[in-house]
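Visitor: Quick one: the structure is below, and I'll ask about it shortly.
The values are calculated or read from the model by the stated rules, or taken from the named source; none is laboratory data. If you're wondering where the values come from, they're calculated on a predicted model, not measured in any experiment. Counting neighbours? That spans all protein chains shown, and the Cβs are built from the backbone with ideal geometry, glycine included. Just so you know, the surface numbers come from the protein's heavy atoms only, side chains and all, with ligands and any DNA or RNA stripped out. Shrake-Rupley method; radii C 1.70, N 1.55, O 1.52, S 1.80 Å.
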Amino acid sequence: MSLDRIELRGLRARGRHGCLPAERELGQEFVVDAVLGLDTRPAAAGDDLSRTVDYGTLAGRLVAAVEGEPVNLLETLADRLATICLQDRTVSEVEITVHKPSAPVPHPFTDVAVKIRRSRP
């Protein structure tokens, strides 16, 4: 069976993640995309929010994680965000992309991002 998708894209939050002292001190904006794989049929059949993902609540939890305890790597932050998404019993799999558009790269660039996929064991 193919899973349905709920996509939350372009979620912005300020965090202090990175390896450089200035990144920890000053912070910067991070942008998160979360693509959730789930079966939306039970929610649709009953028109029932409790049988699907409340993406407003999820967005708040993801922002709190980005604004929370700093980490060195985008990979670590992405993994934390995936774990939060999978805590929702309706989510079977998730793809998280963390964008760091102001990364300290000494050359012109558009974006730096880490994309991970996780699923329920």
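Visitor: What ³J(HN,Hα) values, in whole Hz, does the Karplus curve 6.51 cos²θ - 1.76 cosθ + 1.60 give for the stretch 70-87 when θ = phi - 60°, with x put for Gly and Pro?
Guide: Going residue by residue, I get x, 10, 6, 10, 4, 4, 5, 4, 4, 5, 4, 5, 4, 4, 4, 4, 6, 5 Hz, with x marking Gly and Pro.
Visitor: To the nearest 500 deg cm²/dmol, what mean residue ellipticity at 222 nm is calculated for the chain from DSSP H runs of n ≥ 4 alone, each contributing -39,500 (n - 2.57), summed and divided by the residues?
Guide: -9000 deg cm²/dmol
Visitor: Enter the angle in degrees (range 0 to 90, nearest 10) between the Cα long axis of helix 55-67 and the first principal axis of the Cα atoms of the chain, meaning the one along which they spread out most.
Guide: 20 degrees
Visitor: Further question: Which of GLU23, GLU69, GLU95 ends up with the largest GNM mean-square fluctuation for the chain, with Cα atoms connected below 10 Å?
Guide: GLU69
Visitor: Which percent of Cα pairs goes in each bin when the distances of the chain are cut into 5 angstrom slices starting at zero?
Guide: Each 5 Å bin holds this share of Cα pairs: 2, 11, 22, 22, 16, 11, 7, 5, 2, 1, 0.
Visitor: Still on this model: Over the stretch 4-119, what percent of the accessible surface lies on carbon and sulfur atoms, probe 1.4 Å?
Guide: In the stretch 4-119, the share of accessible area belonging to carbon and sulfur is 51 percent.
Visitor: On to the next question. Can you tell me the convex hull volume per residue for the stretch 1-66, based on C-alpha atoms, in Å³ to the nearest whole number? It would help to have the intermediate numbers written out before the result.
Guide: Details: hull volume 5.7 nm³, N = 66.
Dividing the Cα hull volume of the stretch 1-66 by its residue count gives 86 Å³.
Visitor: Using the heavy atoms of the protein chains and a 1.4 angstrom probe, tell me the accessible area per residue for the stretch 14-87 in square angstrom. If you can, show how the numbers build up before the last one.
Guide: On the way: 3790 Å² over 74 residues.
Roughly 51 Å² per residue, with all protein chains present.
Visitor: Tell me the label-point distance for the pair GLN28, SER2, using the 7 Å Cα-to-Cβ offset, in nm and rounded to one decimal.
Guide: The modelled label-to-label distance comes out at 3.8 nm.
Visitor: I've got another one for you. Given the options SER50, SER102, SER92, which has the most mean-square fluctuation in a GNM of the chain, springs set between C-alpha atoms less than 10 angstrom apart?
Guide: Looking only at SER50, SER102, SER92, the biggest GNM fluctuation is shown by SER50.
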